[in-house]
Amino acid sequence: MHTMTGNDAAGGGLRERKKRATRAALAEAAVRLAAEHGADQVTVEAISAAAGVSVRTFFNYFDSRDDAFVVVDADASGRVRRAFLAAPPGLPPLEALREALAAELREAERQHELWSLHARVLRSAPHLLVRNLGAQMADESGLAEAIARRIRAGDDPDAAGAPPEDDADRTAPELYPRLLAAVAGTAVRVSVQHWCERPDEVSFAGVFREVFDLLAAGLPAPAR
């Protein structure tokens, strides 16, 4: 789940805030240059210059040029997992996940232009789109582990790391977390796409809330 929110920019010490600001500046510069010139025409030197840092600094944040286009906010998925695990114990998993994602995406509407440019860059470069999908799958895997951990802790805090007793126990806990993580990723993507297509008609928060309301209701068919 790669977002451009800068959600916890106020957290941490001065050094951490500066590091987050530098990484965000590099990612934004990369996206804007790629949207204007095409990703293949953009160099690390150009990205670094646009962000006002050295090439050496660029490689302190990204392993390669393409990472700057794809992994826009490497800390976002970790923040979502931590917020999800910290949600009140009695909150159902779907609701806890909705709240965690909503907190992370709160600034999305303010950054509509950047979201749209990022989507355009990915659509115009198939190899970046493939890498982005791979990164999303990795995020989903980590989120599924967090969901399973929360469910185990809710059932029995002392049994969070206990092995399953039989095949049924081994299968059932894995399926729901994986499905919920995948559904949540799809819900975010659909919300962003729907909102980006009609930003003057709907608010992102409204679209996101409606998507999760539909999921919570079991995706009933719309009334004719």
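A few points about this structure:
- Residues of the stretch 47-96: accessible area per residue with a 1.4 Å probe, Å²: 48 Å²
- Phi angles of the stretch 39-47 translate, via the Karplus equation with coefficients 6.51, -1.76, 1.60 and θ = phi - 60°, into HN-Hα couplings of 4, 5, 8, 9, 9, 4, 4, 5, 4 Hz per residue; Gly and Pro are given as x.
- Accessible surface for Glu45 stands near 110 Å², nearest 10, in the context of the full protein assembly shown (1.4 Å probe).
- Part-to-part distance (alpha-carbon centres) for the stretch 57-132 and the stretch 16-56, which is given in Å: 17 Å
- The modelled label-to-label distance for the pair Met137/Arg56, using points 7 Å beyond Cα in the direction of Cβ, is 3.8 nm.
- Amide H partners (placed H, <5 Å) of Ser64, local residues excluded: none
- Per residue accessible area of the stretch 170-210, 1.4 Å probe, in Å²: 60 Å²
- Label-to-label distance, nm, for residues given as Glu174 and Glu201 (7 Å Cα→Cβ offset): 4.3 nm
- Heavy atoms of Leu179 accessible to a 1.4 Å probe, total area in Å² rounded to 10: 100 Å²
- Separation in nanometres of the label points that stand 7 Å from Cα toward Cβ, at Ser124 and Thr43: 1.9 nm
- Each Lys or Arg adds one and each Asp or Glu takes one away; over the other residues whose Cβ falls under 15 Å from the Cβ of Gly52, this sums to +3.
The values are calculated or read from the model by the stated rules, or taken from the named source; none is laboratory data. No experiment lies behind these values; they were computed from the predicted model shown. Note that we place each Cβ from the backbone using ideal geometry, even for glycine, and neighbour counts take in every protein chain shown. Remember, those area values only see protein heavy atoms, side chains included, never the ligands or the DNA or RNA. Shrake-Rupley method; radii C 1.70, N 1.55, O 1.52, S 1.80 Å.
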